[in-house]
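Single-structure report; data block below.
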Amino acid sequence: MPTKPAGARAPQDRQPKTEKPKVESVEIDLPDGFDDDGDPKFRKVPASRVVVREIEVTVPKEALDDFELLDDIRATQDEHDMSRFPSLLRRLVGDDAYRSILDALRGPNGRVSASDGAEFVFDVFKALNPNS
């Protein structure tokens, strides 16, 4: 039987199949100031909902059309600036969901590791845009 040379890579068609997360189109309510009586107002916006690592993530479509988000993405890619990942996640999901996601990602020491947080953000982007 032939032996595999050291350092040889396995063909991609023989890799185990991983199931792609299903992205669901939904409509959500976002805060939109207050009415004349001081009660909160909301507006309906289209969003994408996906489950990544058993954590449900909902991203308003308008969050992806954000100039500052582009700068955060550029900094992570061009400058390898890991400090932008928290901002990326917060811009995508909002403050409340951001805190819930971090709580779900916390390790036994009570912290979210930088590598785990960054990988989660990558996974969310990959799920939302699987062709990139």
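The values are calculated or read from the model by the stated rules, or taken from the named source; none is laboratory data. All values derive from a computational prediction rather than experimental measurement. Cβ: placed from backbone, ideal geometry, glycine included. Neighbour counts: every protein chain shown. SASA here: full protein model, heavy atoms, side chains in, ligands and nucleic acids out. Shrake-Rupley method; radii C 1.70, N 1.55, O 1.52, S 1.80 Å.
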Report summary line: Between the modelled labels at TYR98 and ASP65 (7 Å from Cα along Cα→Cβ) the distance in nm is 2.2 nm
Report task. Of the listed pairs LYS20/LYS126; LYS44/LYS126; LYS20/LYS61; LYS61/LYS126, which have alpha-carbon separations greater than 18 Å here? Result -> LYS44/LYS126; LYS20/LYS61
**Report entry** Total formal charge among the other residues, if their Cβ is under 13 angstrom from that of PHE42, Lys/Arg +1 and Asp/Glu -1
**Finding:** -2
Query - Probe 1.4 Å, protein heavy atoms only - accessible area per residue of the stretch 34-131 in square angstrom - result: 65 Å²
Query raised in the report: For GLU24 and SER83, what does the FRET efficiency come to when R0 = 41 Å and r is the distance between their Cβ atoms, rounded to the nearest 0.05?
Result: 0.85
Query raised in the report: Simple spin-label model, 7 Å along Cα-to-Cβ: ARG74 to VAL45 in nm?
Result: 2.2 nm
Query raised in the report: When each pair of different Cα atoms in the stretch 18-86 is counted once in the 1/r mean, what is the Kirkwood radius in angstroms, to one decimal?
Result: 14.6 Å
